[in-house]
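Q: Sharing a structure below in structure tokens format, with a few things to ask.
The values are calculated or read from the model by the stated rules, or taken from the named source; none is laboratory data. Note that the coordinates shown come from a computational prediction; the quantities given were computed from them, not determined experimentally. Don't worry about glycine lacking a Cβ; one is built from the backbone with ideal geometry, like all the others, and counts go over all protein chains shown. Remember, those area values only see protein heavy atoms, side chains included, never the ligands or the DNA or RNA. Shrake-Rupley method; radii C 1.70, N 1.55, O 1.52, S 1.80 Å.
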Amino acid sequence: MTFQQLIKQGIPNELPAAKPYPLDANRAPKRKDILSKEEKQLAIRNALRYFPKAWHGELATEFAQELKDFGRIYMYRFKPEYALKARSISDYPAKCQQAAAIMLMIDNNLDPAVAQHPEELITYGGNGGVFQNWAQYRLTMQYLSEMQSDQTLHMYSGHPMGLFPSS
């Protein structure tokens, strides 16, 4: 698939293979283990809402391990295969230039040459996260590829809620 097709796809139709964490990555500090057992279960259930139920068994185990290892669920398997970097604005599959500009800025902020901890979606200051996880990145880019100049992308705590009419 091309870069533009991958952006438009959002969450893949098939479960991508699990990926090992890159050994040469600038790792973010592990978050403190402060969640109760119930809160951890809720975090996993919330993370699974992005995916088909058929994937939940495999992903729940993986997300529980990420929560244990890193203190957060980053969904590493869903990190795009393409290089995260600012491209020419015309390379982005957008219906309006404003949406393409936002896509460009997001990718620029996650460029490993720019971001502090790009694998964890942290751009600056140790906790300046662009998104909480890679599913949010994928869905946001997909929505932006569909957004028209008379629409607004509504976000709540990094979660893309959808496109809405706007002036």
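Q: For the range 39-56, give me each residue that is open to solvent by 60 Å² or more (accessible area, probe 1.4 Å) and closer than 13 Å to L67 by Cα.
A: Hits for the range 39-56 are E39, K40, Q41, L42, R45, N46.
Q: Just the residues that are touching a residue at least 40 places away in the same chain (Cβ under 8 Å), closer than 26 Å to A99 by Cβ and part of a loop (DSSP other than H, G, I, E, B), please, taken from the range 1-30.
A: Matches in the range 1-30: G10, I11, P12, P16.
Q: When the range 85-115 is examined, which residues are found to be part of a loop (DSSP other than H, G, I, E, B), open to solvent by less than 70 Å² (accessible area, probe 1.4 Å) and not basic (K, R)?
A: Across the range 85-115, the qualifying residues are A86, S88, Y92, P93, A94, C96, D111, A115.
Q: Against the definition (in contact with an Asp or Glu (Cβ under 7 Å, 6 or more places away or on another chain) and open to solvent by less than 40 Å² (accessible area, probe 1.4 Å)), how does Y74 come out, yes or no? Spell out how you get there, then give the answer.
A: On the way: in contact with an Asp or Glu (Cβ under 7 Å, 6 or more places away or on another chain): yes; open to solvent by less than 40 Å² (accessible area, probe 1.4 Å): yes.
So Y74 passes the test.
Q: Another one. Looking only at residues in the range 125-152 that are in contact (Cβ under 8 Å) with a residue 40 or more places away in the chain and of a type in the set (A, V, I, L, M, F, W, C), which one is nearest to L48 (Cα to Cα)?
A: Applying the filter and picking the extreme gives A135.
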